[in-house]
Amino acid sequence: MVAKSEKEALLLDSDKCFKALLEIIESVPSRKRTITIETHERDKNFRDIIMHLYEWHTMLERWYREGMDGDVPFMPAPGYKWRTIELLNMQIWENYQDITLNQAIKKLKLSHERVMDLIRLHTNEEIMTKKYYKWTKTSNLYSYFAANTFNHYNWAIKKCEVIAKAIKVGEKQTL
């Protein structure tokens, strides 16, 4: 199926990347999916990556809700500026260390669906026109949606591939 509009492409790309992300996780035997790998990176297991995506979905939902209500949303999050995004991402990581991978996946599936529903609410024009909504300032809805769906999923896919490979290599070493 070929997308007829940027909106349709956004929905298709987001769903395709989301499914690809879940497939990488599912490619690892279930008993091994919670393994934490040795890395200098912030995200050391699938849960870390999933909850990062989830939290960015919830921030997007908050920006959207506040913006559509006529307020100016605080971005990226209260107490943080775009230049302190690494601190925000570290706080997100710390906040979710006690959640299970299964809980994380359930949360992400629900937040993905909510974001997809938000996209579906709009016409292609509303999504693509810069300054259509006051809260998006000089940008358009597309840039917010794309950043928090397929673009972020592509980042997560790369991270999860590294983790999956490390787990599978570790599996071979223990045989």
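The values are calculated or read from the model by the stated rules, or taken from the named source; none is laboratory data. If you're wondering where the values come from, they're calculated on a predicted model, not measured in any experiment. Reconstructed Cβ throughout: ideal geometry from the backbone, glycine too, with neighbour counts over all protein chains shown. Only protein heavy atoms, including side chains, enter the accessible area calculation; ligands, DNA and RNA are left aside. Shrake-Rupley method; radii C 1.70, N 1.55, O 1.52, S 1.80 Å.
Numbers for the structure displayed
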{"read-out": "The range 14-26 residues that are open to solvent by less than 30 Å² (accessible area, probe 1.4 Å) and among the acidic types (Asp, Glu), paired with ones that are part of a helix (DSSP H, G or I) and modelled with pLDDT under 95 (beta carbon under 9 Å, 6 or more apart)", "value": "none"}
{"read-out": "Among (1) over 30 Å from residue 132 (Cβ atoms); (2) of a type outside the set (D, E, K, R); (3) open to solvent by 80 Å² or more (accessible area, probe 1.4 Å); (4) out of contact with any Phe, Trp or Tyr (no Cβ under 9 Å at 6 or more places or on another chain), the one test that residue 82 misses", "value": "(1)"}
{"read-out": "Sole exception among (1) in contact (Cβ under 8 Å) with a residue 40 or more places away in the chain; (2) open to solvent by 10 Å² or more (accessible area, probe 1.4 Å) for residue 98, by number", "value": "(1)"}
{"read-out": "Hits in the range 17-31 - residues which are more than 22 Å from residue 147 (Cα to Cα) and part of a helix (DSSP H, G or I)", "value": "26, 30, 31"}
{"read-out": "So residue 111, is it outside any helix (DSSP H, G or I) and either of a type in the set (D, E, K, R) or over 14 Å from residue 9 (Cβ atoms) (or both)", "value": "no"}
{"read-out": "Residue 43 being open to solvent by 50 Å² or more (accessible area, probe 1.4 Å) and charged (D, E, K, R)", "value": "no"}
{"read-out": "Residue match in the range 46-68 (condition: β-branched (Val, Ile, Thr), under 18 Å from residue 164 (Cα atoms) and open to solvent by 50 Å² or more (accessible area, probe 1.4 Å))", "value": "no"}
{"read-out": "Residue check for residue 110: touching a residue at least 24 places away in the same chain (Cβ under 8 Å) and not aromatic (Phe, Trp, Tyr)", "value": "no"}
{"read-out": "In the range 129-153, the residues that are open to solvent by 60 Å² or more (accessible area, probe 1.4 Å) and either over 13 Å from residue 68 (Cβ atoms) or part of a helix (DSSP H, G or I) (or both)", "value": "130, 131, 134, 137, 138, 142, 151"}
